[in-house]
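The values are calculated or read from the model by the stated rules, or taken from the named source; none is laboratory data. As the structure is a prediction and not an experimental result, all values here were calculated from the model. Every residue, glycine among them, receives a Cβ derived from its backbone with ideal geometry; neighbour counts consider all protein chains shown. What goes into the accessible areas is simple: the full protein's heavy atoms, side chains included, and nothing from ligands, DNA or RNA. Shrake-Rupley method; radii C 1.70, N 1.55, O 1.52, S 1.80 Å.
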Amino acid sequence: MLRRNFIRRSALLSCSTLVPGFLRLPASVRLEASRTGKVLVVIQLSGGNDGLNTVVPFRDDIYYRSRPKLSIERSNLLNLDDTLGLNPSLSGLERLYHNGDLAILNAVGYPNPNRSHFRSMDIWQSGSSSDQNIQTGWLGRYLDNDCLDCNQPYQAIEIGDH
């Protein structure tokens with residue numbers, strides 16, 4: 001790939017979060033699929049995301065009893081199945097889910113949590129056990145292992161402020 005094309009595509013990708021429908025980038029800037037033809041997209045919503053109002057357990061009365069002012073009305077939710085609904089602002093994700101292009105891993109945790117936000121973030125980002133201290137991230141280790149012979153510069157990209 002020419003350096004000029006790399007810079008142009010990088011600029012387009014870095015601006016993609018400002019464009020509505022960023023999941024539908026032009027073909028010229030699409031990420032290459034893995035050897036299996038699948039693409040993993042990890043969305044980490046750090047700082048202030050209310051997970052219970054993102055993926056809502058509307059069948060659980062505890063949700064409504066515990067959040068009388070914060071809960072989202074059942075009628076406003078985007079149904080995923082008989083027990084979960086998405087926040088009404090996530091209609092694009094709802095379409096992906098019903099097309100079979102999105103999976104949601106809800107209520108994921110780890111054994112023996114110590115209730116420290118910072119340690120929990122370390123555990124999530126490293127993929128370690130709560131009694132381990134690993135200095136590398138699980139996603140980077142995956143790419144190191146799976147992309148040894150990758151010839152595209154866009155096997156992975158991070159868009160964010162960290």
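Rolling a 1.4 angstrom probe over the protein heavy atoms with all chains in place gives region 48-162 an accessible area of 74 Å² per residue. Model label points for ASP61 and ASN76, set 7 angstrom from Cα along the Cα-to-Cβ axis, are 2.3 nm apart. Could you check how much of the accessible area of region 95-156 is carbon and sulfur, as a whole percent, using a 1.4 Å probe? For region 95-156, the apolar C and S fraction of the accessible surface comes to 50 percent. Dipole magnitude for region 81-127: computed about the Cα centre from +1 point charges on Lys and Arg Cβ and -1 point charges on Asp and Glu Cβ, it is near 280 debye. All other residues with a Cβ under 14 Å from the Cβ of SER129 taken together, and with Lys, Arg as +1 and Asp, Glu as -1, what is their net charge? Surrounding charge for SER129 is -1.
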